[in-house]
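Student: One structure is given below, represented as structure tokens, and several questions about it will come after.
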Amino acid sequence: MKGSLHLNQNHRWLGFLLVLLASTLWGINGTIAKLLFQQAVSPIFVVQVRLFFTAVSLFLVLRIFRPQWLRLSPGQIPSLITLGVMLGGVQFTYLYTVSQTNVATAVFLQYTSPAVLIAYLAWRGKEKIYRAHWLGMAFSLIGGYLMVEHSLQITESGLMTGIVSAFLVAGYTLAGQAVGRRVHPWAGLAYGSAIGFIVWALLVPPFTLDWPTANEQWLFLLYVALMATLIPFGLYFMSLKWLPAATVGILSTVEPVVAAFVAWLVLQENLTVGQFIGAAMVVAGAVIVQLRADKPEKAVE
């Protein structure tokens, strides 16, 4: 019994580290994406490159080293289609919001998603929601706002796609959790990315888009595809094997903290006292959830 408890604790901390690493990589991505858009690279093109690269890379690696992970039954296909649509949708809405507003606004709007996720889970009763989840969510939302309030840049189109992005993050978290029960997370990401690419390629064929011509742009695209798509999404879905969806959703809100500090380092954006307070609140929210969320006495009926 003690061995099982110790194993569960280790898995929980591993899940904690995986989602934090994924969020760190995503936080860096916003600044890189903004640099691409400043060079007139289309958000739709970036999405298609991300999905195509992720799908092809994973299929090649898994086909060689873990072919058994790629085997599917007919019952697994609907959940993979849902995941693919969510993955394609969330990447476009986030990147489009960045192009229409700025990194801070896009990240904040997207990371209101824990409120959507927790409200849905509480309503449907699909997962136990603890007081620590609500408290952690409140800390994260308030802290996230303090991180970006000085640089919020709202446009009508950016606000709309930012809100849609938040709902899609909640959606792909739930879809990723469902897929992970039937398919290995890396295989789920491979199929989901392939489906997402096919959907976007049908809606906007790649040959109709303007392709980058500079080597620097392709290097940025390669970085975004590998370090902001393949690796972090894989880590995120792996974390859902060991942590509840609500916990993962709140932990992922450390991304605005990372995004702000990267923008400070790369784009030389100033950090205010309010941002430091906000960063501390986001981190506190993550710690509250990780340390207390799974204790039964905190459950909210």
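The values are calculated or read from the model by the stated rules, or taken from the named source; none is laboratory data. This structure is a prediction, so every number in the text was calculated from the model and none was measured. Counting neighbours? That spans all protein chains shown, and the Cβs are built from the backbone with ideal geometry, glycine included.
Student: Which helices (runs of 4 or more DSSP H) sit wholly inside region 192-289 and have at least 3 residues that are in contact (Cβ under 8 Å) with a residue 12 or more places away in the chain, surrounded by fewer than 19 Cβ atoms within 10 Å (Cβ to Cβ) and not acidic (Asp, Glu)? Write out each step before concluding.
Tutor: Numbers: elements: 215-225, 231-239, 245-251, 255-266.
Because the criterion is at least 3 residues that are in contact (Cβ under 8 Å) with a residue 12 or more places away in the chain, surrounded by fewer than 19 Cβ atoms within 10 Å (Cβ to Cβ) and not acidic (Asp, Glu), the helices (runs of 4 or more DSSP H) in region 192-289 that meet it are 215-225.
Student: Right, here's the next one. Residue check, ARG181 against (1) more than 27 Å from GLN38 (Cα to Cα); (2) surrounded by 14 or more Cβ atoms within 10 Å (Cβ to Cβ), all met but one. Which one?
Tutor: It is condition (2) that ARG181 fails.
Student: What about LEU117, is it surrounded by fewer than 22 Cβ atoms within 10 Å (Cβ to Cβ) and either over 30 Å from ILE198 (Cβ atoms) or modelled with pLDDT of 90 or more (or both)? Walk me through how you get there before you give the answer.
Tutor: Details: surrounded by fewer than 22 Cβ atoms within 10 Å (Cβ to Cβ): no; either over 30 Å from ILE198 (Cβ atoms) or modelled with pLDDT of 90 or more (or both): yes.
Judged against the criteria, LEU117 is not a match.
Student: What are the residue pairs meeting all of these: first residue in region 97-119, first residue on the phi > 0 side of the Ramachandran plot, second residue among the charged types (D, E, K, R) and part of a helix (DSSP H, G or I), Cβ atoms under 8 Å, and 6 or more apart or on different chains?
Tutor: Every condition considered, no pair remains.
Student: For LEU87, are the conditions met, namely being part of a helix (DSSP H, G or I) and closer than 30 Å to GLN268 by Cβ? Outline the logic, then answer.
Tutor: Numbers: part of a helix (DSSP H, G or I): yes; closer than 30 Å to GLN268 by Cβ: no.
So LEU87 does not fit the description; no.
Student: Separate question: Could you go through region 82-90 and let me know if any residue there is buried (at least 24 other Cβ atoms within 10 Å of the Cβ), within 11 Å of GLY162 (Cα to Cα) and in contact (Cβ under 8 Å) with a residue 40 or more places away in the chain.
Tutor: Here is the first cut: in region 82-90, the ones buried (at least 24 other Cβ atoms within 10 Å of the Cβ) are 83-84, 87-88, 90.
In the following step, the residues that additionally are within 11 Å of GLY162 (Cα to Cα) were identified as 90.
Remaining after also requiring in contact (Cβ under 8 Å) with a residue 40 or more places away in the chain: 90.
Among the residues of region 82-90, at least one is buried (at least 24 other Cβ atoms within 10 Å of the Cβ), within 11 Å of GLY162 (Cα to Cα) and in contact (Cβ under 8 Å) with a residue 40 or more places away in the chain, which makes the answer yes.
Student: Of all residues being more than 11 Å from the chain's Cα centre (by Cα) and among the polar types (S, T, N, Q) in region 230-265, which is farthest from GLY176 (Cα to Cα)? Just the residue, please.
Tutor: THR247
Student: Examine region 63-75 for a residue that is in a helix (DSSP H, G or I) and at pLDDT below 95, and state whether such a residue exists. Explain how you work it out, then say what you get.
Tutor: Here is the first cut: in region 63-75, the residues in a helix (DSSP H, G or I) are 63-65, 67-70, 74-75.
With the extra rule that they be at pLDDT below 95, the set shrinks to 74-75.
Yes, region 63-75 has at least one match.
Student: Return the residues of region 212-225 that are in contact with a Phe, Trp or Tyr (Cβ under 7 Å, 6 or more places away or on another chain) and of a type in the set (A, V, I, L, M, F, W, C); say none if nothing qualifies.
Tutor: Initial filter on region 212-225 (in contact with a Phe, Trp or Tyr (Cβ under 7 Å, 6 or more places away or on another chain)): 212, 225.
Correct list: ALA225 only.
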